[in-house]
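Readers should treat all values here as calculations from the given coordinates under stated rules, not as data from a laboratory. The structure presented is a predicted model; accordingly, all values stated were derived computationally and were not measured. Positions of Cβ are generated from backbone atoms using ideal geometry, with glycine treated the same way; all protein chains shown enter the neighbour counts.
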Protein chains: 2
Amino acid sequence: MSKGLTSRTEDYSQWYNELVSKADLAEHSSVKGCMVIKPYGYAIWEKMQAVLDQKFKDTGHSNAYFPLFIPKSFFSKEASHVDGFATECAVVTHYRLKNDGNGNIIVDETAKLEEELIVRPTSETIIWNTYKGWIQSYRDLPILVNQWANVVRWEMRTRLFLRTTEFLWQEGHTAHATQAEAIAETEQMLNVYADFAENWMAVPVLRGKKTANERFAGALDTYCIEALMQDGKALQAGTSHFLGQNFAKAFDVKFTNREGKIEHVWASSWGVSTRLIGALIMAHSDDFGLVLPPKMAPIQVVIVPIYKGEEELEKISATAQQIMSDLKAKGISVKYDNRDTQRPGFKFAEYEMKGVPLRIAIGGRDLENNTVELARRDTRSKETVSNQGLAHLIENLLTEIQQNIFDKALLNRAEKSTRVDTYEDFKKVLDSKAGFVYAHWDGTPETETKIKEETKATIRCIPLDNPLENGFCIYTGKPSTQRVVFARAY
Amino acid sequence: MSKGLTSRTEDYSQWYNELVSKADLAEHSSVKGCMVIKPYGYAIWEKMQAVLDQKFKDTGHSNAYFPLFIPKSFFSKEASHVDGFATECAVVTHYRLKNDGNGNIIVDETAKLEEELIVRPTSETIIWNTYKGWIQSYRDLPILVNQWANVVRWEMRTRLFLRTTEFLWQEGHTAHATQAEAIAETEQMLNVYADFAENWMAVPVLRGKKTANERFAGALDTYCIEALMQDGKALQAGTSHFLGQNFAKAFDVKFTNREGKIEHVWASSWGVSTRLIGALIMAHSDDFGLVLPPKMAPIQVVIVPIYKGEEELEKISATAQQIMSDLKAKGISVKYDNRDTQRPGFKFAEYEMKGVPLRIAIGGRDLENNTVELARRDTRSKETVSNQGLAHLIENLLTEIQQNIFDKALLNRAEKSTRVDTYEDFKKVLDSKAGFVYAHWDGTPETETKIKEETKATIRCIPLDNPLENGFCIYTGKPSTQRVVFARAY
């Protein structure tokens, strides 16, 4: 392992970049704005996918696949949608290269597309154009479809996982006979995301609605989960949109209802992306590297032998094999690292950097005493424990670690949540401890925009369970009936 | 269900298109050459992915993700590679749209890329450009990485699953310290594919090497599995390439070996795609629709109630629930279709079209007799059986069906495999029963090309276990030491 990380207090952003690199999660590619997700980072994404995919299926959804390319004309059909995405689209204009005769490969100008194709930034338009052929009557509804895919949004300033030109995500697109059903779906999927964030990623989230300014381009309502990072900046971790009949109208998707009348179809869409890996890193990790909640860890337990000579290694390996088989029987993922090319200290630092929740070290004395050394990544505490009942102990410890990581994140959020009543205090809090700032707002986009321009803070959401409370907008002094949640955000 | 299918003998191609549509597998999208994979078709792909992914992991591979876009200059670095793919590349030239002021969305000409980006048709170039940063010493080798991704090859004449502009696939890209190791990997993955095709898809395959003409652009050797469809046309179902040091040289990827000397790295790549779904359909299905081997069936057993009135339905449902829980306990996937909007006959036709291996019908008399009606999709035979031990019976039947479907495909291949010794016979066989034609060939690309031009047959492979046998090329009469396998192919 190379030298340690820049500390979070020294330079949070630098700390993040170094961690992503040193924990072998991802790297910038030679293609501007696009990342390479390395095997260890991708293994975390696979864990996320497996859990989410099961949740989608448990709630009645099926996967499907729609084209990567969207004809430019489709894009223009929903006015606010195209406004939202037009400035960040990768455009395919040709379909052939050729040799120019001097050994250079150039674009073949005779192979120009009649209509340009957009690389999907999101798939509402191509999917609703398809649904038109699938829906005639209420019997064809609901359609509950999800897609795992790559999408492209041209970004000028990128950050690994958090903001990249290409990223991986899932996008659910559902079609319903009634408004109520579409809204219920939108809310259901928000709850699926919140459950995943809190109970799997160990990241507490606020559930809320976006203001008009922050809404998805084409939605009537955008629901979101908002997480708070250790530096006090917010991160939108997932969104679920109630699309009304906007896309059904744009693509002329109608159905005959139970009463025999023809209506436009109601829609939702919802997505989370590889951005979640960024959230996972920034929510929990420390100056020694990644800290992973056990449920998201590709390797939950690593065993490192500390030995002198082949004979001792063999004995340790026998013990390690027994422990591994006990752990695997409990569904715990475990790796035995008996590489002879690296010393134990190097391995310790490597697994610390990679956030493996538990490390077992076995040395000669341990063999004699029937013990192992057990080290927790979250607390960095070590203890020597008996081999007797070790798998059971570890199973409980992993549960405890999962809970502890969540509790720490919850505490961080509590400490960084502040109620303010004046614009003065608002700015002070943003510049000192940052975090979620609960403040009154007059409900107008104009005020929100001005506050954003002056402070870089946006309204992250209006929490779903928001208590009503009379007050005055911190910016205009106009009356308000509830506080909303402001923050600077990733 | 709408009317039946065109029969295979009447018009095989039409039969295939209708089946793909009526079994709800896929459809053409509004984007030329791109398909929509519908939920039922995608569920088959998910089954394929799950099995293959596990096999890749069991053989030591990890998944990762590399950019969708490849800079044009990367593409040009390996000469035969660019020759192979240049004429079918989607090219991104701009990264922004804008409103022209008259309400039209147009490409923003000020947002032109300095260097065009190619939408990946395959990822050797971008991946080897990345591996350069990962490899310094033999300790960094081997790299055993796979990627599940979408790729684009611009096709003028498309066919759902078999040949589309965009398709889904996996591409393995491995890096090794020695030639022997890279070749061993190439062969190992061919065997993984063959095992999957035969023991999961129930499609017998020939394992062989491609001739120089049919080799992957940039490979030293292309290994393949070749399957035979019911109409006697061959289908390449998977390829595994030994790339030598070609890409390492093109991207300057070197390592220090155990002896301290600097060498170029050795490579393999291997892939299968959604094309496999086309192979699955054409290998087994009949004039009544899809026939799925149980191991690839999203639904293995469907239960249809036949009832008069709510009361009877309730009793049948209780029986059905019991059967379902018994089957699920054995890991068998089962669906209970109690829709009241469709009659049993409609449902029977639907599941027949969709290739569900076993259908259980339960009526009033069955309740009295403690029986069910069990129908096999592969043989279309029905029998009334006791509820007693039903799950066990079904478990065995599914194994039997899997084997029966494989045996049928094997018989088809045997019947359509012919040895010929003259060009006259060669053409006669191709035009009468088609299939695999084993014939002597003089080993030159020129002869292969002429035979292809005259007959549309290509050399599918030189089988790996090919017996040596002296003979004379059917085309030139020159001496030959072994027969190769010719066929017309998809």
(request) For the range A:151-268, evaluate the Debye formula with one uniform point scatterer on each Cα (no solvent term) and list log10 I(q)/I(0) at q = 0.14, 0.21, 0.23 Å⁻¹, rounded to two decimals. (result) -0.70, -1.24, -1.35
(request) For B:Thr59, put the label point 7 Å out on the Cα→Cβ axis and report which residues of the range B:177-215 keep their amide N under 14 Å from it. (result) B:181-199, B:207-208
(request) Please give the calculated 222 nm ellipticity per residue for chain A, where each DSSP H segment of at least 4 residues contributes -39500 (n - 2.57) and the sum is spread over every residue; nearest 500 deg cm²/dmol? (result) -11000 deg cm²/dmol
(request) Based on other C-beta atoms within 10 Å, arrange B:Thr476, A:Thr9 from fewest to most. (result) A:Thr9, B:Thr476
(request) With the convex hull built on the Cα atoms of chain A, state its orientation-averaged projected area in nm². (result) 29.6 nm²
(request) Report ³J(HN,Hα) in whole Hz for each residue of the range A:104-120, in order, from the Karplus equation J = 6.51 cos²θ - 1.76 cosθ + 1.60 where θ = phi - 60°; Gly and Pro get x. (result) 9, 8, 10, 5, 7, 5, 6, 10, 9, 5, 5, 10, 5, 10, 9, 6, 3
(message) I need the inter-copy label distances for B:Lys261: point set 7 Å along Cα to C-beta, values in nm with one decimal, smallest first.
(response) 8.4
(request) Could you grab the relative contact order for the range A:1-147? Cα pairs under 8 Å, six or more apart, rounded to a whole percent. (result) 21 percent
(request) Would you mind giving the three semi-axes, in whole Å and largest first, of the ellipsoid equivalent to the range B:33-111 according to its Cα gyration tensor? (result) 35, 23, 13
(message) With only alpha-carbon atoms in the gyration tensor, what are the semi-axes of the equivalent ellipsoid for the range A:299-399, in Å, largest first?
(response) 19, 16, 12
(message) Please report the spacing between the Cα centers of the range A:313-366 and the range A:191-212 in Å, no decimals.
(response) 34 Å
(message) Restricting to Cα atoms and excluding each atom paired with itself, what does the Kirkwood estimate give for the protein assembly as shown in Å?
(response) 31.1 Å
(request) Distance check, please: which entries in A:Lys47/B:Lys408; A:Lys57/B:Lys354; A:Lys57/A:Lys347; B:Lys55/B:Lys209; A:Lys295/B:Lys328; A:Lys32/B:Lys55 exceed 28 angstrom between their Cα atoms? (result) A:Lys47/B:Lys408; A:Lys57/A:Lys347; A:Lys32/B:Lys55
(request) Please figure out what share of the DSSP beta bridges in the range A:271-413 is antiparallel and state it in percent, rounded to the nearest 5. (result) 55 percent
(message) Below 15 angstrom from the Cβ of A:Phe247, what's the summed charge of the other residues (Lys, Arg +1; Asp, Glu -1)?
(response) -2
(request) Taking chain A as the reference, fit the longest principal axis to its C-alpha atoms, fit the long axis of helix A:390-415 to the helix C-alpha atoms, and give the angle between the two in degrees, 0 to 90, nearest 10. (result) 50 degrees
(request) Could you work out the local net charge near A:Glu124, counting Lys and Arg as +1, Asp and Glu as -1, over the other residues with Cβ closer than 9 Å to its Cβ? (result) -2
(message) Averaging over every viewing direction, what projected area does the convex hull of the Cα atoms of the range B:114-195 cover, in nm²?
(response) 7.8 nm²
(request) Taking the Cβ of A:Glu395 as the centre, find all other residues whose Cβ is under 15 Å away and add up their charges (Lys, Arg: +1; Asp, Glu: -1). (result) +2
(message) On a straight-distance basis, which aspartates and glutamates could pair with A:Lys478 in a cross-link, Cα separation under 19 angstrom, same-chain partners fewer than 8 positions away excluded?
(response) A:Asp421, A:Glu424, A:Asp425, A:Asp442, A:Glu446, A:Glu448, A:Glu454, A:Glu469
(request) Would you mind checking B:Lys22/B:Lys308; A:Lys72/A:Lys112; A:Lys72/A:Lys254; B:Lys22/B:Lys382; A:Lys112/B:Lys72; B:Lys233/B:Lys433 for any pair whose Cα atoms are more than 21 angstrom apart? (result) B:Lys22/B:Lys308; A:Lys72/A:Lys254; B:Lys22/B:Lys382
(message) Charges at C-beta only: +1 for Lys and Arg, -1 for Asp and Glu. How large is the resulting dipole of the protein assembly as shown about its Cα centre, in Debye rounded to 20?
(response) 320 debye
(request) Any lysines with Cα under 18 Å of the A:Lys261 Cα? List them, leaving off those in the same chain fewer than 8 positions away. (result) A:Lys132, A:Lys249
(message) How far, in nm to one decimal, is A:Arg157 from itself in the other copies if the label point is set 7 angstrom along Cα toward Cβ? Shortest first, please.
(response) 5.3
(request) Take A:His173, B:His81 and order them by how many other Cβ atoms sit within 10 Å, fewest up front. (result) B:His81, A:His173
(message) Pairs of alpha-carbon atoms within less than 8 angstrom and 6+ residues apart define the contacts here; what relative contact order does chain B have, in percent?
(response) 14 percent
(request) Within 10 Å of each residue's Cβ, count the other Cβ atoms and sort A:Tyr12, B:Tyr16 from fewest upward. (result) A:Tyr12, B:Tyr16
(request) List every residue whose amide H lies under 5 Å from the amide H of B:Asn63, counting only residues 5 or more places away in sequence or on a different chain, with H placed 1.01 Å from N in the peptide plane. (result) B:Asn146
(message) Which one, A:Ala361, A:Ile299, A:Trp148, is farthest towards the positive end of the dipole of the protein assembly as shown when Lys and Arg carry +1 and Asp and Glu -1 on their Cβ?
(response) A:Trp148
(message) Can you tell me, using C-alpha contacts under 8 Å and at least 6 residues apart, the relative contact order of the range B:417-487 as a whole percent?
(response) 38 percent
(request) Could you pull the copy-to-copy label distances for B:Asp11, with points set 7 Å along Cα to Cβ, in nm to one decimal and sorted shortest first? (result) 6.8
